[in-house]
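The next block holds one structure in the form of structure tokens; read it before the comments.
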Amino acid sequence: MKYDFNQIEKKWQDHWAKNETFKAVNNSDKPKYFVLDMFPYPSGAGLHVGHPLGYIASDIYARYKRHKGFNVLHPQGYDSFGLPAEQYAIQTGQHPRITTEANIKTYRRQLDQIGFSFDWSREVRTSNPEYYKWTQWIFIQLFESWYNNDSNKAEAINTLVSEFESKGNASVNAACDDDVEIFTADEWNNYSSEQQQEILLKYRLTYLAETEVNWCPDLGTVLANDEIVNGVSERGGHPVVRKKMTQWSMRISAYAERLLQGLDTIDWTDALKDIQKNWIGKSVGAQVEFNVIPTEHSDKEPHTISVFTTRPDTIFGVSFMTLAPEHELVSQITTPKQKAEVEAYIVKTAKRSERDRMADVKTISGAFTGAYAEHPFSKEPIPIWIGDYVLASYGTGAVMSVPCGDQRDYDFAKHFKIPIPNIFEGVDISEGAYASKDNVKITNSDFLDGMNYKKATKRAIYELEQLGQGEGKTNYRLRDAVFSRQRYWGEPFPVYYLNGMPQMIAVEHLPIRLPEVEKYLPTEEGEPPLGRADVWAWDTATNSVVSNDKIDNKTVHPLELNTMPGWAGSSWYFFRYMEEAANRDGVFASEDALNYWENVDLYIGGSEHATGHLLYSRFWVKLLKDRGFVNVEEPFKKLINQGMILGTSAFVYRDEKSGEFYSKGLIADRKVQSIHADVSFVNASDELDVEAFKNWRPEFKDAEFILEDGIYKVGRDVEKMSKSKYNVVNPDDIVSDYGADSLRLYEMFLGPLEQYKPWNTAGITGVHNFLKKLWKLYVDDNGLKVTDAEPAKDNLKTLHKTIKKVEEDIENFSFNTSVSTFMIAVNELTAQKCRSQKILDPLLVLISPYAPHIAEELWSQLGYSDSISTATFPKFEEKFLVESSKEYPISFNGKMRFTMELPLDLSKDDIEAAVMAHEKTIAQLDGRTPKKVIVVPGKIVNIVG
RNA sequence: GCUCAAGUGGCGGAAUUGGUAGACGCGCUGGAUUCAAAAUCCAGUUUCUUCGGAAGUGUGGGUUCGAUUCCCACCUUGAGUACCA
């Protein structure tokens, strides 16, 4: 019998589907384990061999956990809202729903043939109304919540309202907008409903506000900070400009501290934690108030400038202050004499785009306002400057400049010839600022003299508080996240507008379904695509979506035109999987299901989601926990980032003059142009199929090829796998040529999961041959050759060292090394001519997570009727590995020169005697007497001298 | 600039409580089988070598009986971030 992988794999995939072999149950005596992949966006291009890498790893782990006696939840679904389908709709008029469904079909077919143990009965699609109903529901929960900094959690908004009604807002310690004004209970109760709603918006965890956003004109939408890379859109690379717009935002900043602290409780890589820590950007310091010294030109009202500093200990080193050019006080404090210069500077900086400012950090620019502030302690006047190195959006938009302790302040001071007082004892600042906090004492600083950083900081804050001119403060870089998108293919908001104020639609009327539109473009008036919908108004009498012409602003009101961003649906999908599909009506997941599965035990996906999906999910989970809907603080207990599989591109070389294509070895010093050739035209030895290349595109039809030894050799280079580089390898081809088991093994064999590594199809024959050898260990031309013979000692040794290594490897997610281990085991057992079922049974269980089809087939041939996935993982027994002797490496000065076999029970002295008597030792020493002989029994002998 | 990760044969990579560097696989070379090819099997494959050996894990230093593994400095590559006060 031959190893007919195509037939075997189809057979077992059908079997698993029919018998629902991998269906998870919500009640079980077994301990639970939730293994999750980041679900894919179903793109039109389908899967390439890089995509399944993480899925294969998680599938191996899920199958392993089943063997280890766990009730495993291993679901899959689709992040099916998104830009590409919509861009395609704009171009072709095809409804994104239709494109998306077609793409999902392709994905499903491709995934199915790789043999994943997914429980497809729990599939979710973010674009399904039954799903996004609950995304809308969570949005409403955010709207109905405020963050209480005293209890350190989100609470229902009505608790805030009753607080306002009885006490006003003075005693409320909430995460809210900066511009809320203090009001009393009486004032609150006398406000109009609109005024009250307006105030509440400043407290809600999702709020509508005019904010400066990243507008991408080419995509016709705003983008979140994490969707912008190097100043252009992450998708498509389109330019992004700043624009003021009224937008929904998420008050994620309220959770900054908990998002930071929570990192300590989860098992993620340090690299990923660092990225999130950086993004949250906590800095501890003080807020200090500087009074502006009034002049005859200034307003009657006294002004104060608030600054944030992380170095209150250096407050006596202040020699000037710098405001962001956009700072609101600039126009009020600038003296008439300086007015022209200041205004010219503001105009100049406003013209520079954000990107220019970012790219050009070397140029120092600024202007003096003519005004002075008073130093809180020394009462000395401090000149107030403006400069674009101070950002309006961070802290207070103003800094106290300490040139001796901050390099930017130092450079600014040097440039404008501002004095640089030195407050660091014994430190030379003639060349640059001394920014370190360590090993230095403060001097020239009145009451701070002689103190170190820590003491001086504490004292400075205390003294500022005494004066009423400052307090300790912590700042975060994390900004609230813009949540509106001016797009069609996303979740509609469950929101209508009454007198311009947003109103939530009651939960029982959800979902609010995406309306039909004729075109997927913004309207002529610049409104989002939903502005084209004719039936897009909310009737409060019938509680239904009705035609726009019924809008009377009494019972029928306009609906929100924006849609939610891509990360909305993906921020909670892991909870949806916990509930069985049949029980999903009426709940996002039942309490029982949520309590049973808790959170994701193992999450595998790409690190590109570090500051997007992985941060937003954590935020939403914390909100849901605070509001009592779930019981966990973190969604993903352990997270692994799989690396990317890169493509190996092929190049042909066209002579720039003659247009002839030269084989790689013949280029010499010719001027040639490198052209990507499709990798399917190239064989394992880098030889080009010239005819296929000629027929590829008309422009190559008559191309002349200069061959070497009758062959055209291509050049190779490793690049990201992409259509445009013609280096994409489709898993469909690999599966049909070598089988899914070979694909699975090979993806793992390529190298460590987390690493970036190039794909090279030629290498797959190695693992494919291994599977053939494995097959032959069980089956020959006459059928099954396994016997019930007692295993030999060497059989047992091979088996048990394999069990030990594979188990360790899986626990450490070192899948590449276990593939090698399998190869070694099969090579050894073949050489040993092992046929014993007592060895070959457990071997099959070890291999089955990696190569489930062949394992399942042989398992059934061995006579088992239950799926191998239900078999128990073999138990490692040390006793089979115990040795009586050891092949000792004998080193001279640390260099191994030869080995010698010695009994393990030999004493140190006996070992030394035996080694010293060996003829090779004598030859090595060449008459010298060794200074020292190191004997580590069971390990090594090292002779020094 | 700052933060983090990684540098090992022609290629992917293996080896860390410090103890035989290059496992396993690809590729390559030679052989067997075959009319031939594919497939399969066997042997070899870090470099240098006077065939005894010697050197060798990005570079230079250090700790140690012994370093791919630990420490210091530097170089290169990749990722994140970018005037964050």
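A straight Cα-to-Cα reach below 17 Å connects A:Lys939 with the aspartates and glutamates A:Glu883, A:Glu887, A:Glu901, A:Asp905, A:Asp909, A:Asp910, A:Glu912, residues fewer than 8 places away in its own chain not being considered.
If the segment from A:Asp438 to A:Glu101 were pulled out straight at 0.36 nm per residue, it would be longer than the present Cα-Cα gap by 115.3 nm. Subtracting the Cα-Cα distance of A:Asn812 and A:Thr265 from 0.36 nm times their residue separation leaves 195.0 nm of extension gain. What angle do you read, to the nearest 10 degrees and between 0 and 90, between the alpha-carbon axis of helix A:129-143 and the longest principal axis of chain A? In chain A, helix A:129-143 runs at an angle near 40 degrees to the longest axis. Which entries in the list A:Lys793/A:Lys833; A:Lys664/A:Lys725; A:Lys244/A:Lys273; A:Lys65/A:Lys772; A:Lys243/A:Lys473 go over 21 Å, if you measure between the two C-alpha atoms of each? Correct reply: A:Lys244/A:Lys273; A:Lys65/A:Lys772; A:Lys243/A:Lys473. The label-point distance for A:Glu341 and A:Arg697, in a model that sets each label 7 Å from Cα toward Cβ, rounds to 5.8 nm. All other residues whose Cβ lies under 14 angstrom from that of A:Gly945 are scored, Lys and Arg at +1 and Asp and Glu at -1, for a net of +3.
Computing FRET efficiency as 1/(1 + (r/R0)^6) for A:Ser192 and A:Glu471, where r is the C-beta to C-beta distance and R0 is 41 Å, gives about 0.75. Amide H to amide H distances under 5 Å link A:Lys153 with A:Asn148, where only residues 5 or more positions off or on other chains count and H is placed in the peptide plane.
Surface composition of region A:1-121: carbon and sulfur atoms hold 50% of the protein heavy-atom accessible area at a 1.4 Å probe.
You can think of it this way: the chain between A:Asp4 and A:Ala792 has 280.6 nm of extra reach, that is 0.36 nm per residue less the Cα-Cα gap.
Report in % the part of the accessible area of region A:282-476 that belongs to carbon and sulfur, leaving out ligands and nucleic acids; probe 1.4 Å.
Carbon and sulfur: 51 percent of the exposed surface of region A:282-476.
Considering only A:Leu559, A:Pro31, A:Ile940, and ranking their Cα positions along the charge dipole of chain A that arises from unit charges at the beta-carbon of Lys, Arg, Asp and Glu, the one farthest toward the positive end is A:Ile940. Think of each Lys and Arg Cβ as +1 and each Asp and Glu Cβ as -1; about the Cα centre, that makes the dipole of region A:565-697 roughly 460 debye. Spin-label model, A:Lys785 to A:Val936: label points 7 Å out along the Cα-to-beta-carbon direction sit 4.3 nm apart. Label-to-label distance, A:Ser722 versus A:Ile922, with points set 7 angstrom from Cα along the beta-carbon direction: 7.0 nm.
Could you list, in their original order, any pairs among A:Lys282/A:Lys622; A:Lys105/A:Lys776; A:Lys671/A:Lys757; A:Lys32/A:Lys625; A:Lys11/A:Lys773 whose Cα atoms are separated by more than 26 Å?
With Cα atoms farther than 26 Å apart: A:Lys105/A:Lys776; A:Lys671/A:Lys757.
Of the accessible area of region A:883-944, computed with a 1.4 Å probe over protein heavy atoms only, carbon and sulfur atoms account for 51 percent. Among the trypsin sites (Lys or Arg not before Pro) in region A:820-898, those placed in a DSSP loop whose Cβ has at most 10 other Cβ atoms within 10 Å are A:Lys833, A:Lys875.
Each of A:Phe22, A:His67, A:Tyr3 was scored by the projection of its Cα onto the charge dipole of region A:1-150, and the greatest displacement toward the positive side belongs to A:Tyr3; charges sit on the C-beta of Lys, Arg, Asp and Glu. Our Cα-only numbers for chain A put the radius of gyration and Dmax at 34.8, 110 Å. Accessible surface calculations at 1.4 Å, restricted to protein heavy atoms, place region A:883-944 at 64 Å² per residue. Charge dipole of chain A (Cα centre as origin; +1 on each Lys and Arg Cβ, -1 on each Asp and Glu Cβ, all else neutral): 2260 debye, rounded to the nearest 20.
Rounded to the nearest whole Å², what accessible area per residue is found for region A:168-208 with the 1.4 Å probe?
Averaged over the residues of region A:168-208, the accessible area is 52 Å².
Here's how it looks for A:Leu498: its modeled amide H is under 5 Å from those of A:Gln503, which are all 5 or more places away or on a different chain. At a Förster radius of 56 Å, what calculated FRET efficiency corresponds to the Cβ-Cβ distance of A:Leu521 and A:Lys908, to the nearest 0.05? Plugging the Cβ-Cβ distance into 1/(1 + (r/R0)^6) gives 0.10.
Remark: relative contact order (chain A) = 13 percent; criterion is Cα-Cα distance under 8 angstrom and separation of 6 or more residues.
Contact order, relative form, for region A:792-945: 19 percent (alpha carbon pairs under 8 Å, 6 or more residues apart, mean separation divided by residue count).
In the context of the full set of protein chains, region A:282-476 has a per residue accessible area of 52 Å² (1.4 Å probe).
The values are calculated or read from the model by the stated rules, or taken from the named source; none is laboratory data. Keep in mind that this is a model prediction, so the values were computed, not measured. Neighbour counts are summed over all protein chains in view; Cβ atoms, including those assigned to glycine, are modelled from backbone coordinates with ideal geometry. We work out accessible area using only protein heavy atoms, side chains counted, and drop any ligands, DNA or RNA first. Shrake-Rupley method; radii C 1.70, N 1.55, O 1.52, S 1.80 Å.
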